[in-house]
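Q: Handing you this structure, nothing more for now.
The values are calculated or read from the model by the stated rules, or taken from the named source; none is laboratory data. All values derive from a computational prediction rather than experimental measurement. Cβ sites come from the backbone with ideal geometry, for glycine too, and all protein chains shown count toward neighbours.
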Amino acid sequence: MPTASHSFLEVFAAHGIDRAFLVPGESYLGLLDALNEVPAIEAVTCRHEAGAGFMACADARLTGRPALVMVSRGPGASNAAIALHTAQQDAVPLVLVIGQVPKDHVGREAFQEIDYPRMFGGIAKWVGSAHAPEQLPELAFKALRMSTSGTPGPVVLVVPEDVQDQALPAQDWRAHPPAPTQPAPQVVRELADMLRAAQRPLIVAGSSFENEPGRAALLRLAESWQVPVVVSFRRHDIFPNAHPLYAGDLGLANDREQMEAFHSSDLILALGTRMGDITSQGYTFPAMPQPAQAVVHCHADAHQVGLNFAPRIGIVCDPTALAQALADEALPHTSNASNASNASNASNASNTSNTSNTSNAWRERLRAIERRISAWPAPSDGVDVVRALARQREGSTLVCLDAGTFAAPVYRHFNFRPGERMLAPIAGAMGYGTPAAVAAAMRRPDAKVVCLVGDGGFMMTGNEMIAAVERRLPILFIVVDNCAYGSIWLHQDRHYPGRHVGTTLASPDFARIAAAFGMPSETVERADDVDAAVARGLRSATPYFLHVKTRLPASRATQDPQASREA
């Protein structure tokens, strides 16, 4: 007989949710049992709740649909908290289902009881709790809508163990996604006039374009108006990196000349980006609270528009819809001067020509700066691996990155092509890479998935690679091992040269660990061996593991003995 748990899960299944990333627990046995009769939802068993949550975050990035995570109360929910924070920072829809103590025990400090609204109230978009069996499908229905409205993000559903097994018929409820909010025609015309008048326009494009219609609309907009595009923090794959209009990304360490050029723009179209602290370079680009240039900020969430600076025009609508409408307003660039065929239009033609010359120089300047920054440096530890990947990749490649300095060559030098994807934690959460790669390979069997992770991050969730072995997912795992929490080591060395506490690590033999998991593995210690090892990994039809040993750079104290004395 159908139970409240069946009814609950059927709501998710009806909305295309086909996987539940979970670590089992006794507080939601009714939900687990109901999965037997809901074949549309596959149970993906994980080894740690953080791994389950990271898998869900990556899956939601790829599908655009809410991802479902199921964990037990107390310790399970605590372990999953990192996924909520990542989903909030990364703007991905996620539903975390937590088993709870019996409803009559709530508020009595029962075993493993937590007040989840208090615990997650500052991270989740909404926390809902069931007090009766019939509320379960209603909560699921609302969670799907809440997680995708405005800025996508995480919601939490708390399900006491004694409301899961009661008889309850399934509900045929289907939430239809709202039609994209369209920009007002007069606003589109005003923006078109601003673009025609601008000499140094710049598009700052964000996560709202992280889908195929969004990418196509962004590319069409840029090409229609010949406007350079810079992408927001770690959104490299939303615009072709080799395109003449690609101006780079706004990240953790932008080049001074590049930022001076961006600041000299006379029109900024901030589209589909929240303009957070990293994208805005510490809330300095554009200047707060009143930008020096005309700024247009468009986002589907009214809360985000002009949150930290005052735009000339703030638009609450679907950024993809705005990009499409604005591209339709573009005039053929070759006709501006030729249409000025008589004396009365000569002055306008001259002005247009001057503006066009300035805009050409602007585009060429930004592109030259980006090419200089992204040019491959001399061979060095870490860079060699990324260079080999960039040179040897074929077809669709999906790169999953963990947090750490090992990923810097990818952000700086790896040119993402149309059809390729990059999944990296916007939140900067270590441990993301391995579970993200597993979820990506499950979702995109057509792509070659490469996981790049440091030795520190791999030890946090590397156990999730067992799923790649169980499912024969052809993921190339690359652990870049410098025996340190390298990013923090570098920060220490910058601020306190030669003084490193808590950042050096003793690494195990990662290749032997991978072999014990059941996958081919090898250790790479020489630069001359990198190309061949990467080639073997990319060709493998099963999971393949590379343990690449690297070194930390020389300490500033070693380079400059005076530095340590001044520290």
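Q: Please go through (1) in contact with a Lys or Arg (Cβ under 7 Å, 6 or more places away or on another chain); (2) under 28 Å from Met55 (Cα atoms) for Arg512 and return the number of the only condition it doesn't satisfy.
A: (1)
Q: Also, I was wondering about something else. Residues of the stretch 128-150 being part of a loop (DSSP other than H, G, I, E, B) and either more than 18 Å from Met70 (Cα to Cα) or touching a strand residue (DSSP E or B) at 6+ places or on another chain (Cβ under 6 Å) (or both), which ones?
A: Step one: of the stretch 128-150, the residues part of a loop (DSSP other than H, G, I, E, B) are 130-134, 149-150.
Scanning the stretch 128-150 gives Ala130, His131, Ala132, Glu134, Ser149, Gly150.
Q: From the list Asp193, Asp162, exactly one residue is surrounded by fewer than 18 Cβ atoms within 10 Å (Cβ to Cβ), farther than 19 Å from Ala300 by Cβ and in contact with a Pro (Cβ under 7 Å, 6 or more places away or on another chain). Which is it? Before the answer, list the steps.
A: Details: Asp193 fails: in contact with a Pro (Cβ under 7 Å, 6 or more places away or on another chain).
So the residue among Asp193, Asp162 that is surrounded by fewer than 18 Cβ atoms within 10 Å (Cβ to Cβ), farther than 19 Å from Ala300 by Cβ and in contact with a Pro (Cβ under 7 Å, 6 or more places away or on another chain) is Asp162.
Q: Taking the stretch 1-44 as the region of interest, how many residues are free of Cβ contacts under 8 Å to residues at least 60 places away in the same chain and among the hydroxyl-bearing types (Ser, Thr, Tyr)?
A: So the answer is 0.
Q: Okay, moving on. Looking at Ala327, Ala408, Ala378, Ala349, which is the one that is exposed (fewer than 14 other Cβ atoms within 10 Å of the Cβ) and either at pLDDT below 70 or among the aliphatic types (A, V, I, L, M) (or both)?
A: Numbers: Ala327 fails: exposed (fewer than 14 other Cβ atoms within 10 Å of the Cβ); Ala408 fails: exposed (fewer than 14 other Cβ atoms within 10 Å of the Cβ); Ala349 fails: exposed (fewer than 14 other Cβ atoms within 10 Å of the Cβ).
None of the other options fit; the residue is Ala378.
Q: Another one. Filter the stretch 234-269 down to residues that are in contact with a His (Cβ under 9 Å, 6 or more places away or on another chain) and of a type in the set (D, E, K, R), then give me how many there are.
A: Result for the stretch 234-269: 1.
Q: Please list, ordered by first then second residue, the pairs with beta carbon atoms under 9 Å, 6 or more apart or interchain, first in the stretch 70-92 and closer than 26 Å to His299 by Cα, second of a type in the set (Lys, Arg).
A: What qualifies is Gln88/Lys125; Asp90/Arg61; Asp90/Arg234; Ala91/Arg274; Val92/Arg61.
Q: What number of residues in the stretch 462-480 are crowded, with 24+ Cβ neighbours inside 10 Å and farther than 19 Å from Arg512 by Cβ?
A: Qualifying residue count for the region: 1.
Q: (1) over 26 Å from Thr86 (Cβ atoms); (2) of a type in the set (Gly, Ala, Ser); (3) touching a residue at least 24 places away in the same chain (Cβ under 8 Å): which one isn't true of Ala378, the others all being true?
A: (3)
Q: Look through Gly395, Gly419, Gly431 and report the one residue that is part of a loop (DSSP other than H, G, I, E, B) and surrounded by 21 or more Cβ atoms within 10 Å (Cβ to Cβ). Before you say what the answer is, go through the steps one by one.
A: Working: Gly395 fails: surrounded by 21 or more Cβ atoms within 10 Å (Cβ to Cβ); Gly419 fails: surrounded by 21 or more Cβ atoms within 10 Å (Cβ to Cβ).
On inspection, the qualifying residue turns out to be Gly431.
Q: Further question on the same structure: Condition (residue is over 29 Å from the mean Cα position of the chain (by Cα) and part of a loop (DSSP other than H, G, I, E, B)) applied to the stretch 458-479: is it met by at least one residue? Step through it out loud before you land on a result.
A: Taking the stretch 458-479 and keeping what is over 29 Å from the mean Cα position of the chain (by Cα), we get none.
No; the residues of the stretch 458-479 include none that is over 29 Å from the mean Cα position of the chain (by Cα) and part of a loop (DSSP other than H, G, I, E, B).
Q: Looking only at the stretch 481-524, filter to residues that are of a type in the set (Lys, Arg) and in a helix (DSSP H, G or I); which one of those is surrounded by the fewest Cβ atoms within 10 Å (Cβ to Cβ)? Please lay out each step first, then the result.
A: Applying the first criterion (of a type in the set (Lys, Arg)) to the stretch 481-524 yields 494, 499, 512.
Those still in the list that are in a helix (DSSP H, G or I) too: 494, 512.
Details: Arg494: 9, Arg512: 12.
Top of the filtered list is Arg494.
Q: Restricting to the stretch 259-293, count the residues that are crowded, with 20+ Cβ neighbours inside 10 Å and in contact with a helix residue (DSSP H, G or I) (Cβ under 9 Å, 6 or more places away or on another chain). Steps first, answer last, please.
A: Within the stretch 259-293, the first condition is being crowded, with 20+ Cβ neighbours inside 10 Å, and the residues that meet it are 261-262, 265, 267-275, 279-280, 285-286.
Keeping just the survivors that are in contact with a helix residue (DSSP H, G or I) (Cβ under 9 Å, 6 or more places away or on another chain) gives 261-262, 265, 267-269, 271-274, 285-286.
The number of residues fulfilling the criteria is 12.
Q: When residues of the stretch 206-247 are filtered for being in contact with a Gly (Cβ under 7 Å, 6 or more places away or on another chain), among the hydroxyl-bearing types (Ser, Thr, Tyr) and either surrounded by fewer than 21 Cβ atoms within 10 Å (Cβ to Cβ) or not in a helix (DSSP H, G or I) (or both), how many remain?
A: Matching residues across the stretch 206-247 total 1.
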